[in-house]
Every structure is written in structure tokens, then in C-alpha cells.
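Structure first, then comments.
No lab work stands behind these numbers, since they all come straight from the coordinates. Note that this is a predicted model, so its numbers are computed, not measured. Every residue, glycine as well, gets a Cβ built from its backbone with ideal geometry; the counts of neighbours run over all protein chains shown.
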Amino acid sequence: MLNPSSVLEFKSTTFFTPILVLNSNDMAAIELSLQEKINLAPDFFRHSPLVIDVRELNKAELDFSITEIVEMLRRIGLFPIGLRGGTEQQNSQAQKLSIPIDAGRDHDNGGVAQQSSGAGGATAADTKTSSTEIADATPADSKTAAATASTADLSVQSVVPTTFAKSMLVTQPVRSGQRIYAHGDLVVMSQVSAGAEIMAEGNIHVYNTLRGRALAGVQGNTSARIFCLDLQAELVSIAGDYKTSEHIIKEMQKKPVQIYLQDHALIINEIA
Amino acid sequence: MARIIVVTSGKGGVGKTTTSAAIAMGLAKRGHKTAVIDFDVGLRNLDLIMGCERRVVYDFINVINGEASLNQALIRDKNCSQLYILPASQTRDKDALTLEGVGRVLDELSKDFKYIVCDSPAGIEKGANLALYYADDAFVVTNPEVSSVRDSDRMLGILASKSRRAERNEEPIREYLLLTRYDPNRVKSGEMLGLEDVQDILSLQLLGIIPESKSVLSASNAGIPVILDEKSEAGQAYEDVVARYLGEDRPHRFIDDKRGFFRKLFGGRL
């Protein structure tokens, strides 16, 4: 028998997801435009979760159906996972479709809207005629970057769904037996000794020798990275995937490296 | 106000008591009124190294508990009138030490003494924590081998987080490295960590290297702090340590093998 308490556990996490900002209620035009963008970066958009932002539509008092939009998105292979800026009626429509409501982030939306008009600057005309606007928060993805470069009307912005934690700076040596936990990024200027443990929900930077354990993305952020000037770590981990010093290849030992996660595998690269 | 020095290491048997006795004697010989306290309650050793075991009547715990006054418990050293020893109790354990009690004793000593040397027990438990809590300076005694270096590193972490200075957010404890039982020949053959290896890990200000020396054992057995054996390398090395601690600039010795050492010694002296 399993211990009842071990059957499940709740964890909290922060993740990035594209937000689909709709500026038009012309379903056919939206679908066409979306399809074009998907063709540009099929891998990135395949089964991608999306948050639908209808604030602009409601501002312009355009008539549209949430059900129709959701069906269209699912048809072309996207997974809508949230609705932003909907009216009460639209929200209840979304809930019937099992789409959660993202409420209480009006100031965030305002910021995004301002940014997008600013980013649109030179291509204001394009932005207006374009029926969709994709805001995404994975600029690290090279495919998206390529897609952005080739389309003028696709503006890319960082949207952080929750308030971001401050980064933590440590200037003293982290000695054996000490533990440090940062809710955001962790920056260590001194050495981290063997037997010490540094943990961060975000990235870890060690501008010195890393001999202890370093665990980045401890709340599940798989895009977190570890950077250090001299890798001699006992253990490195990102979002739960780890390598012990035994499994860190010799060529990377005592080198300046970055460590990141790719398909659940820790990749260690020398920083030239 | 006295300057409180803790001699600590984490690991046992690295030379904390030998070092405490030597530097306390070194400071006292230079005319600074110095007290040395044995925090190793239950495993009293300092009195043996100082050669005053036959004169112990009251101890540190008696003073903490108010069963004796400081003056009754302090033993004046037979070689140096500026040096006093406060022995540990052999019949009690570390639980007899209290934060307030230790603080009271140190406060009282501070009125009269220039330096107070706290000989820490091994480990990172109560005795060691209380020995370092009130410290201004820490002599971290390390042997050139991996487990001692790691334990010292652990101790440095505790010094930086659990001391009174850390808790009050005052200027941190000044930490110094003392590399003891150093054998240049074994370093050369790769059997022992070298100074550079140790410094690479601990990155501390080096106060001195004490070479492995037979004179340390014979001095301990005779109950005379090794610093008084001026002919021995260990004695000279401790003399250097005290001088450097007091701000004198002395080049490090005993890092290289014997021939190098003699050349340096005579080159420097003659």
C-alpha cells in the first residue's frame, strides 16, 4: 500500500506562455494569419499552449464568440489555456469550455499594450492590418527568433505571468555546510565550497569557483541555467534533473561553463 | 577592552590546544596580559600542555556557576607572569556551558586582560559554538589534508554566520589560517596537500605554517608551550605567527624542503 500522503503533492511553478492578442473579429483572417506564422516556426507552435487576450476586441466593441475562437485554435493545433480581458459573459463561455480565466492583471495588460504599440513603431500600418499579434516570452528559442526576424508584424515581448522575484547577490564565500536559497536569480561573487549548497528558483551565476552543489530552477523552471567561471561542482541540477561530479565530463571540469536543460538532459557548454 | 581570539578547526587532533598554548605564551611574553581558556569541557587538555595540571583547583564551569571567583580559578603561568590559564572542568560536559555564563566570564576578563585566547573543542557542537561566539579574531588551524581542510571550511561558514558579530551585523570576525603539521618533503612527493592547494580552497590570510616537528610532542609531554623552545622550527614558526598577528611583516618560512629552509633562515638572520 502506498502511503496516502505520497500519492500526490502540490507544487507551485512559474511558466512562460505565448499570449495571442486579437485585434480583429474576422475569424477567417485570424486563421489565415495564424497559419502563416505557424508555417514559419512549426516546431515552436506545435501543441503550444496559448492565452487568448480579447481586451482589444472588447475595447473596440467588436462582436465575437469565445467558442468559435477556441475551436479554431484547437483545429490548427494550438491549446488555448486561458482567457484575458473577457467580459462576464465571455468568461462564463470560456469556463464552459474548461478554459481558466486570467483575471486581475489589468496593469500587466496595459503594459503589454503600450509595449506593443511602441515596438510596432515603424510598422504601425502592419500592426493595424494584422489580425493577430503574438507575444511570447521565450526569446531564447532560436526558432522564434528566426520567425520574428522574418516577419515585421510579429512583435515579441516578454510577458511574465507572475510578479518576478528579485535576484539575490552574495559577496561572501559560501562555505561548506552553508545553504543559500534565492527566490529569483542567485549571483555569487565568491567561491562556493565543497559541501555548500546554493539553490535558486531562477538562474545561478557563480563568478568564481563552484565546488559545492548548485540547483537552479528548483520550483520547476526548466529554462533556468547555471553559469560559473570554474566548474568543480559536486552536483549541478536544473529543475530536478541533475548530474554529479562523476558524470560531468572531464573536459568541462575547471572550465567556465553554462549549464542548461534540453529535453530533460543537462547540457554543459564551455563559455569561450 | 580585550581582543578575543578563538583557536578553532572543526576537526580534532590538528593542533588547536598546542596552538592556543603557544600563541597565548607568545603574546604574554611580549608583555600583553593574556588569558587562555579551555573550552573543551570534559576533555581537559590545555592544563597539561601548559604544565599546570597539578595546580587546578577551580575551573571555568565553577566560575560560570558562581561557585568560584575568576581570581580563584585563574592559574598564573609558571614561566610568564603575564599569562593566566582558565582550565576546563574534567567532570562535567559541554552542557554546563551557557551563552550568558561564557559572556559574563569574557566580559569580566576583558576588563583586565589585553588578549583572551579561547581554545575550542573539536566538532561543531555547543562547546565549539560557544568558544567562537564572542570572538573578534579566529585562528583556523588546518592540517594539509582534505578532511581537515573541509572541516575548516565548515568552521569558517559557522564563524561567518553564528558568531555575535554576525548576529549583530558588526564587522565580521577576522579569520586567519594556520597550517600545522606541514611537511615540505611529503608535499613534494604528493602525499600531502601543498600550501597552494589549501589556499585555493580556503582563501584566507595565512598567518603561518607550522612544520611537523618532534619538538611539539616533547614540549607537550613536558608541559611547556613549544614557542618557548626557541631552537625548534615549530617554536620559531609560532613566534612568527604571533609577530604577524601583531602586525609585523615577516616572510613565510618552512614552506620549502630543509635545504631551502636553512638557506632562508641563515640568509635572513645573518
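Among the residues of region A:217-238, those identified as in contact with a Phe, Trp or Tyr (Cβ under 9 Å, 6 or more places away or on another chain) and either crowded, with 22+ Cβ neighbours inside 10 Å or aromatic (F, W, Y) (or both) are A:A224, A:I226, A:F227, A:C228, A:V236, A:I238.
So that you can scan it fast, the table gives a plain yes or no per residue for (1) under 22 Å from B:M155 (Cβ atoms); (2) away from chain B (no Cβ under 14 Å); (3) over 27 Å from the mean Cα position of the chain (by Cα):
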residue	(1), (2), (3)
A:G184	no, yes, no
A:Q191	yes, no, yes
A:E197	yes, no, no
A:G202	no, yes, no
A:N208	yes, no, yes
A:R211	yes, no, yes
A:A224	no, yes, no
A:D230	no, no, yes
A:A239	no, yes, no
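In the list B:L178, B:L97, which residue meets the criterion of being more than 12 Å from B:V7 (Cα to Cα) and surrounded by 21 or more Cβ atoms within 10 Å (Cβ to Cβ)? Answer to the selection: B:L97.
In region B:139-149, the residue that is nearest to the other protein chains (Cβ to nearest Cβ) out of those that are surrounded by fewer than 22 Cβ atoms within 10 Å (Cβ to Cβ) and without any contact (Cβ under 8 Å) to a residue 60 or more places away in the chain is B:V146. Residues that are over 21 Å from the mean Cα position of the chain (by Cα) and of a type in the set (D, E) were ranked within region A:31-47; the one that is surrounded by the most Cβ atoms within 10 Å (Cβ to Cβ) is A:E31. Restricting attention to region A:48-61, the residues that are under 30 Å from A:G217 (Cα atoms) and surrounded by fewer than 18 Cβ atoms within 10 Å (Cβ to Cβ) add up to 1. In the set B:R174, B:R168, only one residue is within 19 Å of B:G103 (Cα to Cα), without any contact (Cβ under 8 Å) to a residue 40 or more places away in the chain and more than 13 Å from chain A (Cβ to nearest Cβ); that residue is B:R168. Taking helices (runs of 4 or more DSSP H) as the structural unit, those lying wholly within region B:182-223 and holding at least 3 residues that are within 14 Å of chain A (Cβ to nearest Cβ) and over 26 Å from B:M50 (Cβ atoms) correspond to B:195-202. Which ones in region A:239-264 are of a type in the set (A, V, I, L, M, F, W, C), within 20 Å of A:N221 (Cα to Cα) and not in a loop (DSSP other than H, G, I, E, B)? Residues satisfying the conditions are A:V257, A:I259, A:L261.
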